[in-house]
Amino acid sequence: MNTAVVVNADPEVAIKHARTLRQAGYAVELCAGPDHRRCPLLGDLPCQLVDRADILIYDAWVMNGPDGARQLIADVRDTYPDLPIVLTSVDERVNWVETEGPHRVTPLGSDPTPDQLRTAVETALADQGMAV
């Protein structure tokens, strides 16, 4: 069973994503993000929660702005280069998204349907380790 970590500051959204993933057969852990608890990734340290993950479902706005989120995703990528990331809440303000290379993510818009979330997770898992 794959383990997904859902990182979202909005508890309702996190629970909604977790429910969808659990119904699809994933084990799910939740994290409210670095604004709600001390985040080891911000200090370039590994995270025990992420260490157990097979995939991350990360809200693009968890750092309350695109620049902070960009740096956080870059830090996650540098520490966990082969861990798939689905980046949610992606819109035109999040213009830094990379879908290839070392800082790649699988982007997903705001309020995805359960099918869209499952498809994005499956796509990201299939692309695991494909960075060049």
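The values are calculated or read from the model by the stated rules, or taken from the named source; none is laboratory data. Bear in mind the structure is a predicted one, so any value in this text is a computation, not a measurement. FYI the Cβ positions are ideal-geometry reconstructions off the backbone, even for glycines, and counts take in every protein chain you see.
A few remarks follow.
- Any hit, region 25-33, residues being buried (at least 17 other Cβ atoms within 10 Å of the Cβ) and in contact with a Lys or Arg (Cβ under 6 Å, 6 or more places away or on another chain): yes
- Checked against (1) modelled with pLDDT of 80 or more; (2) assigned to a loop (DSSP other than H, G, I, E, B), L45 meets all criteria but (1).
- Close contacts from region 104-119, counting a first residue that is farther than 12 Å from D59 by Cβ and in contact (Cβ under 8 Å) with a residue 60 or more places away in the chain and a second that is of a type in the set (V, I, T) and part of a loop (DSSP other than H, G, I, E, B), with Cβ to Cβ under 8 Å and a gap of 6+ residues or different chains, come to none at all.
- Scanning region 81-97 for residues that are under 22 Å from D51 (Cα atoms), assigned to a loop (DSSP other than H, G, I, E, B) and aliphatic (A, V, I, L, M) yields one hit, L83.
- Residues in region 98-132 that are in a loop (DSSP other than H, G, I, E, B), modelled with pLDDT of 85 or more and in contact with a His (Cβ under 9 Å, 6 or more places away or on another chain): P112 only.
- Taking region 65-80 as the range and being in a loop (DSSP other than H, G, I, E, B) and over 14 Å from the mean Cα position of the chain (by Cα) as the test, only G65 passes.
- Test: residue in region 52-63 that is more than 12 Å from the chain's Cα centre (by Cα) and modelled with pLDDT of 90 or more: yes
- Note on region 49-88: residues that are under 19 Å from D10 (Cβ atoms) and surrounded by fewer than 20 Cβ atoms within 10 Å (Cβ to Cβ) total 5.
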